[in-house]
């Protein structure tokens, strides 16, 4: 595990430097507690947040190729610069969003509608799913290909099952237990990530495990929210403490940095 820090580089980069368009790498987009979405720049442990919000959202997921946001049930598909390409009014209060590569990987689970929302390259598509036999609550969704979607279901005993659904017919292909996960999960680069007592725990299909400590004190259950900023960067936030972290998580490497608030919030 790598410890997190905020380097002097992050403190010295001001709005004027951003406006000067220095070649600072863009890490992705992060959604803060007030719902504002901001571009995130820098390197591990040297991170700055653009003070200018790009939009307001209730939830978000971004890859290197674009992103999804939800605001009052309105689902938007964005390009890499955060410009809306398409919209869909779902009427869903708590949609589950995920995009982890190109735009066709964008997928949304609408729990109250029992419906999958996808992108076919031209428009949003909807597929009704009979989820009455799943036995629990869907907490994560992933498009495996244009023909298969995986639903990760938290069961009554907090164990997790992965359910594969074929498209376009929404036929349940398989359901299998995920022994290394508990409660709500997030899937990143093959890792199954969930919250433990003081941070994150993760497991690969081969049984390889790792943990990341984010707090010295025990965290309340379901305290952490995980959203994707880009292919390899996650935004993790704590409801109880208000702390935000940027987590680099590739298939072979992890690192954690504190994610500073936008400058306008820091000045309060």
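The values are calculated or read from the model by the stated rules, or taken from the named source; none is laboratory data. Note that this is a predicted model, so its numbers are computed, not measured. For neighbour counting, all protein chains shown are included, and Cβ atoms are generated from backbone atoms with ideal geometry for every residue, glycine included.
Numbers below:
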read-out	value
Identity of the residue in the range 53-73, over 22 Å from residue 232 (Cβ atoms) and outside any strand (DSSP E or B), that ends up nearest to the chain's Cα centre (by Cα)	58
In the range 74-86, the residues that are under 19 Å from the mean Cα position of the chain (by Cα), part of a strand (DSSP E or B) and surrounded by fewer than 19 Cβ atoms within 10 Å (Cβ to Cβ)	74, 84
Near pairs, Cβ below 6 angstrom, 6+ apart or cross-chain, from the range 40-67 (on the phi > 0 side of the Ramachandran plot and at pLDDT 95 or above) to any residue that is assigned to a strand (DSSP E or B) and buried (at least 23 other Cβ atoms within 10 Å of the Cβ)	66/78
Residue check, residue 245 closer than 22 Å to residue 51 by Cα, crowded, with 19+ Cβ neighbours inside 10 Å and touching a strand residue (DSSP E or B) at 6+ places or on another chain (Cβ under 7 Å)	yes
Flag for residue 225 being at pLDDT 95 or above, surrounded by 14 or more Cβ atoms within 10 Å (Cβ to Cβ) and in contact with a strand residue (DSSP E or B) (Cβ under 7 Å, 6 or more places away or on another chain)	yes
Residue satisfying all of: in the range 121-163; in contact with a helix residue (DSSP H, G or I) (Cβ under 7 Å, 6 or more places away or on another chain) and modelled with pLDDT under 95; surrounded by the most Cβ atoms within 10 Å (Cβ to Cβ) among these	146
Residues satisfying the stated conditions in the range 118-144, i.e. within 19 Å of the chain's Cα centre (by Cα) and free of Cβ contacts under 8 Å to residues at least 40 places away in the same chain	137, 144
In the range 87-117, the residues that are farther than 16 Å from residue 57 by Cα, touching a residue at least 60 places away in the same chain (Cβ under 8 Å) and surrounded by 15 or more Cβ atoms within 10 Å (Cβ to Cβ)	100
Sole residue being within 16 Å of the chain's Cα centre (by Cα), surrounded by fewer than 21 Cβ atoms within 10 Å (Cβ to Cβ) and modelled with pLDDT under 95, chosen from 250, 238	250
Subset tally (residues that are in contact with a strand residue (DSSP E or B) (Cβ under 7 Å, 6 or more places away or on another chain), more than 15 Å from residue 225 (Cβ to Cβ) and surrounded by fewer than 21 Cβ atoms within 10 Å (Cβ to Cβ)) for the range 172-186	9
Residue that is surrounded by the fewest Cβ atoms within 10 Å (Cβ to Cβ), among those in the range 35-52 that are more than 17 Å from the chain's Cα centre (by Cα) and assigned to a loop (DSSP other than H, G, I, E, B)	52
Those residues of the range 202-214 which are surrounded by 13 or more Cβ atoms within 10 Å (Cβ to Cβ) and closer than 17 Å to residue 162 by Cβ, in sequence order	202, 203, 204
